[in-house]
1. Which whole-percent values make up P(r) of the chain when all C-alpha to C-alpha distances are grouped in 10 Å steps starting at zero?
2. If I compute solvent accessible area with a 1.4 Å probe over the protein chains, what percent of it on the range 61-144 is carbon and sulfur?
3. Please tell me which of these pairs span more than 22 angstrom C-alpha to C-alpha: Lys134/Lys268; Lys19/Lys390; Lys51/Lys332; Lys268/Lys390; Lys5/Lys134; Lys134/Lys217?
4. May I ask for the net charge around Lys124, where only other residues with Cβ less than 13 Å from the Cβ of Lys124 are counted and Lys, Arg are +1 while Asp, Glu are -1?
5. With springs connecting C-alpha atoms under 10 Å apart, model the chain as a Gaussian network and identify which of Gly137, Gly177, Gly50 has the largest mean-square fluctuation.
6. By the scheme Lys and Arg +1, Asp and Glu -1, what is the net charge of all other residues having a beta-carbon under 9 Å from that of Asn305?
7. Does the range 1-92 classify as rounded, prolate or oblate by the C-alpha gyration tensor (a ≥ b ≥ c root eigenvalues; a/c under 1.5 gives rounded; else a/b over b/c gives prolate, otherwise oblate)?
8. Dipole magnitude of the chain about its Cα centre, charges +1 at Lys/Arg Cβ and -1 at Asp/Glu Cβ only, in debye to the nearest 20?
Amino acid sequence: MNKGKVDALLGIVFGDEGKGKVVDVFTPKYDIVARFAGGPNAGHTIIFEGKKFVLRSIPSGIFSPDKINIIGNGCVIAPDLFMAEAQELETAGYDLRSRLHISKRAHLILPTHRVLDRAYEAAKGKNKVGTTGKGIGPTYSEKASRTGLRVGDILENFDEKYQSLKARHEEILRHMGYTDYDISAEEQQWLRGVEYMRTFTLSDTEIEINRALAEGKSVLAEGAQGTMLDIDHGTYPYVSSSNTVCGGVCTGLGVSPQSIGEVFGIFKAYSTRVGAGPFPVELFDETGDRIREIGHEYGAVTGRNRRCGWVDLVALRYAIMINGVTQLVMMKSDVLDTFPVIRVCVAYEKDGVRTSDMPFDTASWQAVYEDLPGWQTDLTGLTSEDQFPKAFSDYVAYLEKALNTPITILSVGPDRAQTIMR
Ligand code: GDP
Ligand code: IMO
Ligand code: MG
């Protein structure tokens, strides 16, 4: 933690690395936790004292009392889903009103954005992105087109603005021949969500954050998705629609590059991807199925099977470079506890040419592996580094050397308590 700085915790592969868990563990050290990109396409799981929560739009710092949580200007927010998520937390006894602030500049996801998401996917035929269907792409497109609605818009003449944008969406859908949808029930809930959002602090969060930094307070920026899903640096077009990388922290919260402190890059001891798109390390065999089963690799938002494979050093090196990662956080090592051999993708190969740099056209490259011995020991009860089996210490040291970055935090189970700081 750095006083007067924004530290970032960023997923550096294809998302679902365990960001929610680590943000929850880190929060006691910070004053403010802020989401800077994405929306309800995210599903961040937090487990402690036998309770489990999956957060979509609300920052994972919400479980620590007295901490301010911010949904920043770079985020997109669906009022109905936000209401459902917030009410679940309120029912569980968490006070949100005084601690959750939403940027007036964040963009609103309309029910018709979700229909457009489905319509664009249907129109893509076999080239579907495999989106979460939450309207993310259409909402960010609208933002870039300068026709979107923002949270601050709900404070004045909202009905008029809403009806006008909805009518435009309906016209686009008519032109696309996509008319078989009915949003009436969803729309009622959405409008209730808008009323509910009005009862929260809707503010100029960029000013709030910068004032806090000037007072020497510390901010943790909670990433969503991962670098390989970034609109610029991911496996385009099979990506999400925001900048998930460290640059997105500056634009998505309104903070300067000089205010960035530590950049924590979080990854799993293996790889997963949910949705379509290139994934050179994907395993189509029994080993992939075993990783999925042991790691419970099913989407937190959509329940889809996550595609599984070995760790990918090409992707990790690229992400460390793009984000300026200063420390690595390795998750879910325990999932590999029973494997006799652990493979590591060290390069990609095509037509006899090898590269360790992320290529433009990832889809046409094949993974090249090195094999390391498995530790074949249950890691889930370990509490400190000196208890590590040698083969596991060797795996960690191998990755640190190959990535030229220290792994300072290791997670050996889903619970808050199963976290080892080095
Ligand atoms: P996020 O989107 O990056 O916050 O990650 P998700 O919550 O989508 O996915 C991570 C999953 O792994 C969740 O189900 C977590 O409860 C679980 N998890 C996190 N850390 C560990 C770990 O070290 N070991 C195991 N076995 N599960 C973990
Ligand atoms: P967290 O924050 C994993 C994937 C979708 C799809 C692509 C585009 O939990 O790590 P979108 O709905 O964003 O237009 O979908 O991005 N995707 C994620 N995959 N974790 C996520 O979030 C994701 N958010 C989006 O599966 O391939
Ligand atoms: Mg997730």
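1. 5, 23, 32, 25, 13, 3, 0
2. Working: 1550 of 2910 Å².
Within the range 61-144, the accessible surface is 53 percent carbon and sulfur.
3. Working: Lys134/Lys268 25 Å; Lys19/Lys390 27 Å; Lys51/Lys332 19 Å; Lys268/Lys390 19 Å; Lys5/Lys134 32 Å; Lys134/Lys217 34 Å.
As for pairs spanning more than 22 Å Cα to Cα, those are Lys134/Lys268; Lys19/Lys390; Lys5/Lys134; Lys134/Lys217.
4. Numbers: positive: Arg118, Lys126, Lys128; negative: Asp117, Glu121.
Neighbour charge sum, excluding Lys124 itself: +1.
5. For the chain, modelled as a Gaussian network with Cα springs under 10 Å, the answer is Gly50.
6. On the way: positive: Arg292, Arg304, Arg306, Arg307; negative: Glu297.
Around Asn305, the surrounding residues sum to +3.
7. Details: a/c = 1.32, a/b = 1.17, b/c = 1.13.
Rounded.
8. Values: 47 positive and 55 negative charges, 110 e Å.
Charge dipole, the chain, about its Cα centre: 520 debye, nearest 20.
The values are calculated or read from the model by the stated rules, or taken from the named source; none is laboratory data. Just so we're clear, the structure is a prediction, and the values are computed from it rather than from any experiment. Positions of Cβ are generated from backbone atoms using ideal geometry, with glycine treated the same way; all protein chains shown enter the neighbour counts. These area figures cover heavy atoms from the full protein model, side chains too; ligands, DNA and RNA do not enter into them. Shrake-Rupley method; radii C 1.70, N 1.55, O 1.52, S 1.80 Å.
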